[in-house]
Amino acid sequence: MSVLPKTRAEMARLIDHTLLKPEAARAQIDRLCDECLQYSFAAACVNLTWVTHCTERLAGSRTDVAGVVGFPLGATSAEVKAFEAREAVRQGAREIDMVVNLGALLAGERDAVVRDIRAVVDATKGANANALIKVILETRALTDEQIALGCRCCVEAQADFVKTSTGFHPTGGATVEHVALLKKHAAPLRVKAAGGIRDLPTALAMIEAGAERLGMSAGVTVLEAMEK
């Protein structure tokens, strides 16, 4: 059982404050950054078009910028994903959330999945050795066996995190059961739960199941539900 955060400050350090809607405008991104500055979330997770802007707004703060790659489908080539990752890091991102080649994973094409992830890992670490790579598996679209395979591919490709969901797939977002599966099969990698986490009880359940990072747009709501 994971240790649950007891304070707002502890919880904030587990949250990627997220705004990935394609219609997000500068004013909304600025509000996201202001909330990151106020609460010291772990990361601001945004589309690549906003990485430079967020890096500038959050300079000197405790909040890193996370850029998404191959988002939300994961169906671009490994070379394109690698380019996106390299460019995001060049613009200041310290974390990359990439979407796996879902079709290859569903088909059991392990080598193709590993190559896809490894291309992003190499591009990211080549640009900044300390940057983190989180691989989104879209767990609600997978069987338990496919989740286990995805985890093994992430370990082999030397990612840093496995992540449940984009939050955009019609099958849905994170579940406690899937977080537990990722925790079981992806060790020693860390687990990020994302998609559909909108309140404090759900957030705590994900952490208890093994999540060490939460991706959500409701981070402020979750923090304000805590007593201190």
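The values are calculated or read from the model by the stated rules, or taken from the named source; none is laboratory data. Given the structure is predicted, the values throughout are model-derived calculations rather than measurements. No Cβ is skipped: glycine too gets one built from the backbone with ideal geometry, and neighbour counts run over all protein chains shown.
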### Query
Does residue 10 meet the test of being part of a helix (DSSP H, G or I), more than 26 Å from residue 141 (Cβ to Cβ) and in contact with a helix residue (DSSP H, G or I) (Cβ under 9 Å, 6 or more places away or on another chain)?
no
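This table checks each residue for (1) of a type in the set (Ser, Thr, Tyr); (2) closer than 25 Å to residue 174 by Cα; (3) at pLDDT below 95.
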| residue | (1), (2), (3) |
| --- | --- |
| 120 | no, yes, no |
| 124 | yes, no, no |
| 129 | no, no, no |
| 134 | no, yes, no |
| 137 | no, yes, no |
| 143 | yes, yes, no |
| 147 | no, yes, no |
| 155 | no, yes, no |
### Query
Limited to the range 190-226, what total is found for residues that are more than 24 Å from residue 31 (Cα to Cα) and of a type outside the set (Val, Ile, Thr)?
10
### Message
Kindly evaluate residue 197 against the criterion of being assigned to a strand (DSSP E or B), touching a helix residue (DSSP H, G or I) at 6+ places or on another chain (Cβ under 8 Å) and either farther than 22 Å from residue 64 by Cα or not small (Gly, Ala, Ser) (or both).
### Response
no
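Matching residues to (1) more than 13 Å from the chain's Cα centre (by Cα); (2) modelled with pLDDT under 95:
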| position | (1), (2) |
| --- | --- |
| 1 | yes, yes |
| 54 | yes, no |
| 87 | yes, no |
| 94 | no, no |
